[in-house]
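Undergrad: I'd like to ask some things about the structure below.
The values are calculated or read from the model by the stated rules, or taken from the named source; none is laboratory data. This structure is a prediction, so every number in the text was calculated from the model and none was measured. Here the Cβ positions follow ideal geometry from the backbone for every residue, glycine too, while neighbour counts run over all protein chains shown.
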Amino acid sequence: MFVGQYEHSLDEKGRVVLPAPFRAFVAERGYVTQLDGCIGLWSQETFREVAEKWKTESEASRISMRVFRKLMNSVREVKLDSAGRVTLPRELLDNIGFESQVVVSGLFDRVEIWPSGTYTAEQESVEADAELAEAVARLGL
């Protein structure tokens, strides 16, 4: 399970160090794709489950084959190097507008890698605070 957030730098080659707690879950191989404003990273095992869900949605016509292809074609395999870094695909970094500072955030079954400014704006929004308050009350926390 992925939890917590960590600030890191993205080097000129598009590499980011994964926090030590996340490395074991990703092991030697993971899968990345663009999400809503960030890059999602899954372990090999978890991504297989995600891809199966996408396939099921396509077969049930809840998403089109075009969308399924687009989702699957945007995925890239990444590997941890000896320093615990993954190299993120340049096209994903450019599409999202990454600069040198990133936030690596755990989101239960995946890791999200955000441009630092985007992450901060998302987390500090008035809407996020209101949604959190409502969720905490609803869940009885």
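Undergrad: Of everything in region 45-73, what is surrounded by fewer than 16 Cβ atoms within 10 Å (Cβ to Cβ) and not in a helix (DSSP H, G or I)? Give them in sequence order.
TA: Within region 45-73, 60, 61, 62, 64 meet the criteria.
Undergrad: Next question. Would you point out the residue of region 19-44, among those that are in a loop (DSSP other than H, G, I, E, B) and over 19 Å from residue 99 (Cβ atoms), that is modelled with the lowest pLDDT?
TA: The selected residue is 28.
Undergrad: Continuing with this model, one more query. Could you say which residue among 86, 103 is assigned to a strand (DSSP E or B) and in contact with a Gly (Cβ under 9 Å, 6 or more places away or on another chain)?
TA: 86
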